[in-house]
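Participant: I am attaching a structure below and will ask some questions about it afterwards.
The values are calculated or read from the model by the stated rules, or taken from the named source; none is laboratory data. Only a predicted model underlies this, so the values are computations on that prediction, with no experimental measurement involved. Using ideal geometry, Cβ is built from the backbone for each residue, glycine included, and neighbour counts are taken over all protein chains shown. Side chains included, ligands, DNA and RNA excluded: accessible areas come from the protein's heavy atoms. Shrake-Rupley method; radii C 1.70, N 1.55, O 1.52, S 1.80 Å.
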Amino acid sequence: MLFRSAAATANLTPGMPIQVVGAGFGNSSTDSATVMIGTEAAPVLTLINSTNLIVQVPVDATLGPSTLTVSYKGQVSTPFSIKLVALAPEIEPFQAPNGSSFYDASGNAITSAHPALPNTEVFCLAIGLGTTNPPQVTNTVATAQAGATQQVQVMVGNKMVQPDYAGLFVGGTPGFYQVSFKVPADAA
């Protein structure tokens, strides 16, 4: 079984971190399964346990139908059908322990007890925002900002907001994007 970080689906984007669920995936980061997307290796970012892996879809994977297979000690899984698409944006759920996907400039979760205020900057993590400039590199943590090449917009209430930044999450997990935007002055 395959999951995007935020929702179960077979539609993936190049560069996206995904969770692969099965059995017999290994015992440690030095003894883990190999994941292939089509004919290309997908790097294992995290071996959660012997039944869960976080891998990254190779950045240069070809769009269209493909398969994902997992192999460990000579045993190869049945191919799992996937579809690689250019964009599949999703906000990552619950980055804070209290269940908020959004946080302020100090890293505090945006909640009903700590709401975002008009004219303040809000951040969230996302996946599936597509290509970046400079280009994302498979299995590499971003060390500098690399903006998404496709336009990213955020809705705050009924207002469309242009983000101040939408690109790779500097210092974060490969394939994660950070989106920052200012809450409109007239937001309720």
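Participant: Whether any residue in the stretch 75-94 is open to solvent by 80 Å² or more (accessible area, probe 1.4 Å), free of Cβ contacts under 8 Å to residues at least 40 places away in the same chain, small (G, A, S) and in contact with a strand residue (DSSP E or B) (Cβ under 7 Å, 6 or more places away or on another chain) is what I want to check.
Facilitator: Checked the stretch 75-94: no residue is open to solvent by 80 Å² or more (accessible area, probe 1.4 Å), free of Cβ contacts under 8 Å to residues at least 40 places away in the same chain, small (G, A, S) and in contact with a strand residue (DSSP E or B) (Cβ under 7 Å, 6 or more places away or on another chain).
Participant: State the number of residues belonging to the stretch 29-43 that are open to solvent by 40 Å² or more (accessible area, probe 1.4 Å) and either at pLDDT below 95 or polar (S, T, N, Q) (or both).
Facilitator: Here the count works out to 5.
Participant: Please indicate, with yes or no, whether at least one residue in the stretch 110-125 is open to solvent by 60 Å² or more (accessible area, probe 1.4 Å), over 26 Å from M36 (Cα atoms) and touching a His at 6+ places or on another chain (Cβ under 8 Å).
Facilitator: Within the stretch 110-125 (the criterion being open to solvent by 60 Å² or more (accessible area, probe 1.4 Å), over 26 Å from M36 (Cα atoms) and touching a His at 6+ places or on another chain (Cβ under 8 Å)), the answer is no, since none of the residues qualifies.
Participant: Continuing with the same structure: Consider P93 against the criteria (1) modelled with pLDDT of 95 or more; (2) within 19 Å of S180 (Cβ to Cβ): it satisfies all of them except one. Which criterion is unmet?
Facilitator: Status for P93: all satisfied but (1).
Participant: Tally time: how many residues in the stretch 150-165 are surrounded by 17 or more Cβ atoms within 10 Å (Cβ to Cβ) and in contact (Cβ under 8 Å) with a residue 40 or more places away in the chain?
Facilitator: 1
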